[in-house]
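What follows is a single structure, written as structure tokens, with notes after it.
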Amino acid sequence: MYRTLVLAALAGMIAGPALAAGGSCSTAPKSQFKPKATLEAQLTGEGLTVRQIKVEKGCYEVYAVDKAGKKVNLAYNAETLEKLDNAEAGEN
């Protein structure tokens, strides 16, 4: 029993940072958000055609089309422009 508990605790300590790496939306005031144009330029440089960028609860939600013509939905922290793992981050 003790061994199982110790192994579970170790697994949690190892996996914790990996699970947190997804990032989160900004809690800063809108005045501290980076401009949408900066994000759009970054994405255009990566080969995406940006259709729309919306602000949702501290995130930029991006609707774009990739080089293959596939629609993509991405989310970025509006303050840092860090890409988030959850494309619906601002909606939660």
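The values are calculated or read from the model by the stated rules, or taken from the named source; none is laboratory data. Just so it is clear, the structure is predicted and the values come from calculations on it, not from any experiment. We place every Cβ from the backbone using ideal geometry, glycine too, and count neighbours over all the protein chains shown.
Against the condition modelled with pLDDT of 95 or more, out of contact with any Lys or Arg (no Cβ under 8 Å at 6 or more places or on another chain) and of a type in the set (A, V, I, L, M), how does A20 come out, does it pass? No. Scanning segment 48-73 for residues that are more than 20 Å from K30 (Cβ to Cβ), of a type in the set (A, V, I, L, M), assigned to a strand (DSSP E or B) and out of contact with any helix residue (DSSP H, G or I) (no Cβ under 7 Å at 6 or more places or on another chain) turns up V65, V72.
Just give me the residues in segment 74-91 being assigned to a helix (DSSP H, G or I) and among the charged types (D, E, K, R), in sequence order.
Once the filter is applied, which keeps residues that are assigned to a helix (DSSP H, G or I) and among the charged types (D, E, K, R), segment 74-91 yields only E91.
May I ask you to say which residue of V62, V55 is out of contact with any Pro (no Cβ under 8 Å at 6 or more places or on another chain) and buried (at least 18 other Cβ atoms within 10 Å of the Cβ)?
Answer to the check: V62.
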